[in-house]
Amino acid sequence: MVKPSALLLLVLAFPLAGQTRERICLNGIWKFSPGDLSQEILSTETKWYDYPVPSYWDAAEEFNVQPAWPKDLARGWYRRTFTINPSWNNKRIFIRFDAVRAVCEVFINGKSAGKNDDGFLPFRFDITNLVRRNQPNDLLVKVTNWRGWLAKDAREIQLPVGQLITGANALLAPIGPPMRNGNYAGIWQDMWLETLPDVHLENVKIITAVEGKRITIQTRLNQSSDLRIKHEVLDQEILAFTLGPVPAEKDVGSASTSWPEAKLWWPHDPYG
């Protein structure tokens, strides 16, 4: 695809008096326990192993861990504790995963914070009402690796039309080719504890039109607001132009302009 390259977008929402995003990375050595598909609730007799996050759970040898589980493990449990920074006591707190493969449920202090069923995209849950402010918090993540196209029993099953098939090997999803050989499952990307202002940016979408030489930027807030949104587009480290400030109509702020001098990316002339 031909599109403008080396583009950095800064989105500023005004006013945000004293309100900023803060985050703490939760990567490191966690506790990991191999599970079973029949085990929906963690057993009190669960055995834990030290295991790095992020990683795949079939990569134990790469971290000098002697695995006590099969490489085709279908379910695993992750656990660690965390504490809340005292400066966050009056702020909304979220937990963010950059990716977990494939289906997961997150528990904070024994209560479910939410579920996610995509193995590649980031997601976050609001845990403000689940955390304890002045003492350690228990974080538990249940991960199930749905991988029907890899399992012999899934290939042999004759799927009746309209009949629901349950089990670890019954969910088929267009997730693309494997990125590596093996059972690529687990918390395989970074994860964060973060705080966000009451009104904050949820998503930014950049739309470029080569023929019309235009760029459109759509910014979505988490809720309706009277904030004004300013977009700054940088080419390399140089400010190319500014859009706005524009009002956030309901929860979306949109701005568009022509960009006739944009340098396009080509295979024979990459730019960036």
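Between Ile207 and Thr83, the contour length at 0.36 nm per residue exceeds the Cα-Cα span by 40.6 nm.
Ranked for footprinting exposure by Cβ neighbours inside 10 Å, fewest first, Ile206, Ile84 give Ile206, Ile84. Along the Cα-to-Cβ line of Arg21, 7 Å from the Cα, sits a label point; which residues in the stretch 185-210 have backbone N less than 19 Å from it? Residues passing the 19 Å test: 189-207.
No value in this document is a laboratory result; all are computed from the given coordinates. What you are looking at is a predicted structure, and each value in this text was computed from that prediction instead of being measured. All Cβ positions, even for glycine, are placed from backbone atoms using ideal geometry, and neighbour counts span all protein chains on display.
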